[in-house]
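Comments concern the structure below.
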Amino acid sequence: MRKSILTAALALAAAPAFAASGPFFSLANTNFVVLIAFLVFIGILFYFKVPGMLLGQLDKRAATIRSELDEARALREEAQTVLADFERKQKDVAEQAELIVTQAKADAQEAANQAKIDLEKSIARRLQAAEDQISSAEANAVKEVRDTAINVAVAAAADVVAKGMSDADATALINESIKVVEAKLH
């Protein structure tokens, strides 16, 4: 098979040489010298098995490229998986944030309602305390009026006794003082 390939290569290579003028098989013919050099060069390449090495290098390079492409596909798939996970997590985080905001609004509303209730209770306690103070002040005022009425009645009785009033006059004066005190108390 090598001989047939070599013969075909020589025939194709020699075709332009036949078109040259003068004897073809002469060292003075540059086309013949170039043909010989080319055939020697091709022979050296085949002797050192350069085409096999080139094909081996090309196959190795093709395998490297194929493995790099496979790795790139795997990385792309992994990146798509990571992206999908990230998008899912981002969606989950957005939903959680929305739930947190909703819960915070509900908590704020509840806190506002509780503050309103607490304020109403505080106002009611203060009103009750004020009413208690008013009642206490009123009771103290009534007590002072009674005490004053008693002191007035005692002083009046002392004046009556001192002036030597009659019993009828003294009784009438005491009854009148009691009526005055009762009127002031009510």
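For K89, are the conditions met, namely being more than 31 Å from the chain's Cα centre (by Cα) and in a helix (DSSP H, G or I)?
Judged against the criteria, K89 is not a match.
Which residue out of A28, A8, A112 is modelled with pLDDT of 90 or more and out of contact with any Leu (no Cβ under 6 Å at 6 or more places or on another chain)?
The match here is A112.
Modelled with pLDDT of 95 or more, surrounded by 10 or more Cβ atoms within 10 Å (Cβ to Cβ) and not charged (D, E, K, R), is that true of L75?
Answer is yes for this residue.
The values are calculated or read from the model by the stated rules, or taken from the named source; none is laboratory data. Please read all numbers here as calculations on a predicted model, not as lab measurements. All Cβ positions, glycine included, derive from the backbone under ideal geometry; neighbour counts span all protein chains shown.
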